[in-house]
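The values are calculated or read from the model by the stated rules, or taken from the named source; none is laboratory data. Everything numeric in this text was worked out from a predicted model, so none of it was measured. Every residue, glycine as well, gets a Cβ built from its backbone with ideal geometry; the counts of neighbours run over all protein chains shown.
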Amino acid sequence: MTSLRAYIITRISLTIPMILVLVTLVFVILRIMPGDPVRATIRPGSAPEYIQEIRHNLGLDKPLFLNFRGSWAEALSSSVVLRDGPSSDEAPALILEEGKKLSITDRVTTLEGDWVRLASGRGFEGLISPQRLDWLRRVTAGVKVLEETTIDDQRWVRVEIPGREIEGWAPVAELKIRTNIFDAQYFNYLFSLLRLDLGTSIAPVRGRSVMGDLKAKFPATLELSIFSMIITVLIGVFSGAYAAQRRRSVADYGFRIYSIVIYALPVFWLGLMLQLIFGVRLGWLPVYGRTGTRLAPETISGLFVLDSILTGNLASLISAIKHLILPSLTLGLYLSGIFTRLTRGNMLDVLQQDFITAARARGLPERVVVYKHALKNAFIPILTMIGLQFALLLAGAVLTETTFSWPGMGRFLVDRIAYRDFPSIQGGVVFFALLVTAVSLIVDIIYAQVDPRIRY
Amino acid sequence: MDRAVAVERVGILGRLTSAARWYGAEGYMTMVGGLIVFAIITISLLSAFYPGMAPYNPEKSVGIPFSSPSRQHLMGTDNLGRDIFSRIIYGARVVMAVALLASAFSAAVGIPLGLLSGFLGGKMDRVLSLIMDSIYSFPGLILAIAMAAMLGPGVINMSVAIAVVYIPTYFRMVRGQVLSVKEELYVEAARSLGAKATTILRLYVFPNVIPSVVVVFSVNIADAILTEAGLSFLGLGIDPSLPDWGYDLSRGKAYLPGGYWWIITFPGMMIALVALGFSMLGEGLNEILNPRLTER
């Protein structure tokens, strides 16, 4: 048992760098590659301040990997004037009072020296210029004016603005800068992942928790995956075993051709064809969604079939199963080809072993030899296959869910891509990555438990 | 055994032409696959240089919308009255361009990295293998979706998005081959004669990898075709006005409840046929070029 525990610990410790590579890969794809996610989200012609604000809220104005420009600033003297741009000719925008810390969002070097842009953080209370107040009144509601003052021949207005950030530029020379080199996009992303925080969406609705959305969609995908896997294993394992038993027969070649052909079919087209035949032509089964209208069972686990059994709701059970048949058949058929093939290979191996010859010599019927003795032994590798094909299952699920308007994670991802909602895309992809890694970890551990030869 | 001897005598071209005879079922599979591949490449090239090949302009409305297949429109017309048969012929070009480019990109990155990683070993090998294994374990389509969403539409962008997914396939295969070839006696002999590392790689290691590369390349194109179709189906493909099988399918989906079966049937059939052709060719070649690994 200790060696099993050692195996599990080693396997888990090998998973950590893998997860790190995967989430880094997602980061590289979504942040470093060409294409500005924020610009893609925003309607063309939006105010640059608005774009800047979204970038800032998402933390996209921070350096990518290491932060050398500083992360926080405080006024050195009693107060510092922040301006609209990085120059003393620019109009003054607000005053940074003593004792307040603002975060640094940009840094440039001009002829006048280094300038940094500071942001107030959500909810601002302090002095701003009348021009800035005019602009703010145009773009935001709830600006509360507290008092007006004049400092050095310049009029200032003390305001309170909940839920909005104010920004301005100041020379570095007038500020005390604090630097945390890990205050950068990459590390912030890793830290928030550690807290299981996937950020909030930008579109179609701003500020929804991505993790919450994914959690809500996950049961639909899980339900589809479970039923597809059942179909896949049933078709794949039995056809593979049968083909191996009658090696080089017509049935064997038939199943081998089946396994190649089914894998070459685009899974979404397979779905459309099934919809066309069973949904539109014959009218037997529904083609869209998870249940009929007003038939969704009370949510307990989110798996509609399970929930309707638990609540004893027969009408929704029937509706849920009817809606499940076509999508899970599509996905199940798609994956079954690989299982046919792998089962056949495994079975051919097992059938050549001595204990099979021994079983045959004992005069056991061929059916018992093949389906009881051989298949049982060929079944252990099939368990690993389920783990290995899980990634393919998820990829197939994205397309199947889109075809059948199945409200799962895959369709969520595709929907949000249409909105260019980059936090949701990032969150969705990371979620898929973690799911795949977790499943392969679990399968490997189960496999090690079943087969004592698997050890490091 | 004498079957293998005979094969060695005929040479590569001979092997392919007599494949069907020598290899029975596997040989016929290769031949059928090869014919499909040949046909589709011919169609793509012809439609690029000889526009009169399709009966109608694929981007113009040329008939009554939603007409079912008839003598004028072999595969019917779509919602805008465009001839589906012509769109299918022109669509071949896009699919093939993306699939070939993507596979070429993956091979161009994956093979050299695999060679170096396997040959040099050490820390670089471990880091590269970790990265490649991670990408390999990830659902390819989802990775491609994220890349395509960021890069935007276009043939090159789509090829790059798909290519990244398949780099590990080449890397792992080449690396594995290099590791086994490296231990062979003739490599040791070359090394003891004082051959440089580059010479060993070029003359002794690389040629041994080529047959497997050919097989992986062919199977990889089949996968790339399916991924391309999937991306287009999800609306992440090329410019929507160009004929593209996956995109035509996703648009046809909206007219499914009306029973217009021809709009979705034919493009999907083509995707399946071409993907099947490439995977059959790859599978068949695998049996023929790597006889040692012959199917049990």
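Here are the numbers:
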item: Any hit, segment A:290-304, residues being assigned to a helix (DSSP H, G or I) and surrounded by fewer than 23 Cβ atoms within 10 Å (Cβ to Cβ); result: no
item: Residue check for A:Val305: touching a residue at least 24 places away in the same chain (Cβ under 8 Å) and touching an Asp or Glu at 6+ places or on another chain (Cβ under 7 Å); result: yes
item: In segment A:260-271, the residues that are surrounded by fewer than 23 Cβ atoms within 10 Å (Cβ to Cβ) and more than 9 Å from every other protein chain (Cβ to nearest Cβ); result: A:Ile262
item: The lone exception for B:Thr42 - which of (1) buried (at least 19 other Cβ atoms within 10 Å of the Cβ); (2) closer than 30 Å to B:Phe217 by Cα it fails; result: (1)
item: Neighbours by Cβ (under 6 Å, 6+ apart or cross-chain): first from segment A:107-133, over 30 Å from A:Phe68 (Cβ atoms); second not aliphatic (A, V, I, L, M); result: A:Glu125/A:Glu160; A:Leu127/A:Trp156; A:Leu127/A:Arg158; A:Ser129/A:Pro92; A:Pro130/A:Arg155
item: Filter result for the condition that a residue is out of contact with any Ser or Thr (no Cβ under 6 Å at 6 or more places or on another chain) and in a helix (DSSP H, G or I), over A:Leu331, A:Leu326, A:Leu317; result: A:Leu326
item: Helices (runs of 4 or more DSSP H) completely within segment A:352-456 that count 2 or more residues being over 32 Å from the mean Cα position of the chain (by Cα); result: A:354-361, A:375-388
item: Of all residues in segment B:272-281 being surrounded by 24 or more Cβ atoms within 10 Å (Cβ to Cβ) and either in contact with a Phe, Trp or Tyr (Cβ under 8 Å, 6 or more places away or on another chain) or in contact (Cβ under 8 Å) with a residue 60 or more places away in the chain (or both), the one that is farthest from the other protein chains (Cβ to nearest Cβ); result: B:Leu281
item: Selection within segment B:214-228 - buried (at least 23 other Cβ atoms within 10 Å of the Cβ) and within 14 Å of chain A (Cβ to nearest Cβ); result: B:Ser218, B:Asn220, B:Ile221, B:Ala222, B:Asp223, B:Ala224, B:Ile225, B:Leu226, B:Thr227, B:Glu228
item: Subset of segment A:100-112 [modelled with pLDDT of 75 or more and either in a strand (DSSP E or B) or of a type in the set (D, E, K, R) (or both)]; result: A:Leu102, A:Ser103, A:Ile104, A:Thr105, A:Asp106, A:Arg107, A:Val108, A:Thr109, A:Thr110
item: Those residues of segment B:229-271 which are of a type in the set (Phe, Trp, Tyr) and either facing chain A (nearest Cβ under 9 Å) or part of a helix (DSSP H, G or I) (or both), in sequence order; result: B:Phe233, B:Trp245, B:Tyr247, B:Tyr255, B:Trp261, B:Trp262, B:Phe266
item: Matching entry among A:Gly254, A:Gly271 (being part of a helix (DSSP H, G or I), at pLDDT 85 or above and more than 21 Å from A:Ser228 (Cα to Cα)); result: A:Gly254
item: Of all residues in segment A:406-440 being surrounded by fewer than 23 Cβ atoms within 10 Å (Cβ to Cβ) and among the hydroxyl-bearing types (Ser, Thr, Tyr), the one that is farthest from the other protein chains (Cβ to nearest Cβ); result: A:Tyr419
item: Candidates A:Glu174, A:Glu165, filtered to the one that is in contact with a Gly (Cβ under 7 Å, 6 or more places away or on another chain) and of a type in the set (Asp, Glu); result: A:Glu165
item: Residues being over 14 Å from A:Val26 (Cα atoms) and either hydrophobic (A, V, I, L, M, F, W, C) or in contact with an Asp or Glu (Cβ under 9 Å, 6 or more places away or on another chain) (or both) - total across segment B:113-131; result: 11
item: Any hit, segment B:39-54, residues being closer than 15 Å to B:Asp248 by Cβ, in contact with a Pro (Cβ under 8 Å, 6 or more places away or on another chain), of a type in the set (A, V, I, L, M, F, W, C) and part of a loop (DSSP other than H, G, I, E, B); result: no
item: Residue satisfying condition, being part of a helix (DSSP H, G or I), within 14 Å of another protein chain (Cβ to nearest Cβ), touching a residue at least 24 places away in the same chain (Cβ under 8 Å) and more than 18 Å from B:Met96 (Cα to Cα), within set B:Pro211, B:Pro168; result: B:Pro168
item: Count of segment B:64-90 residues which are buried (at least 19 other Cβ atoms within 10 Å of the Cβ) and in contact with a strand residue (DSSP E or B) (Cβ under 8 Å, 6 or more places away or on another chain); result: 5
item: Matching residues in segment A:374-420 - criterion: being touching an Asp or Glu at 6+ places or on another chain (Cβ under 9 Å), within 27 Å of A:Ile356 (Cα to Cα) and among the β-branched types (Val, Ile, Thr); result: A:Ile380, A:Thr384
item: Test: B:Val155 is over 30 Å from B:Pro240 (Cβ atoms), surrounded by fewer than 23 Cβ atoms within 10 Å (Cβ to Cβ), at pLDDT 85 or above and within 17 Å of the chain's Cα centre (by Cα); result: no
item: Single condition B:Ser134 does not satisfy, out of (1) of a type in the set (Gly, Ala, Ser); (2) away from chain A (no Cβ under 14 Å); (3) within 30 Å of A:Val414 (Cβ to Cβ); (4) without any contact (Cβ under 8 Å) to a residue 60 or more places away in the chain; result: (2)
item: Number of the exception - A:Arg246 against (1) within 30 Å of A:Thr343 (Cα to Cα); (2) touching a Pro at 6+ places or on another chain (Cβ under 9 Å); (3) of a type outside the set (S, T, N, Q); result: (2)
item: Matching option when the condition is closer than 30 Å to B:Arg93 by Cβ, free of Cβ contacts under 8 Å to residues at least 40 places away in the same chain and more than 11 Å from chain A (Cβ to nearest Cβ), among B:Ala163, B:Ala190, B:Ala146, B:Ala108; result: B:Ala108
item: Verdict on B:Thr30 being modelled with pLDDT of 75 or more, surrounded by 16 or more Cβ atoms within 10 Å (Cβ to Cβ) and part of a helix (DSSP H, G or I); result: yes
item: Any hit, segment A:209-228, residues being within 29 Å of the chain's Cα centre (by Cα), in a strand (DSSP E or B) and of a type in the set (Gly, Ala, Ser); result: yes
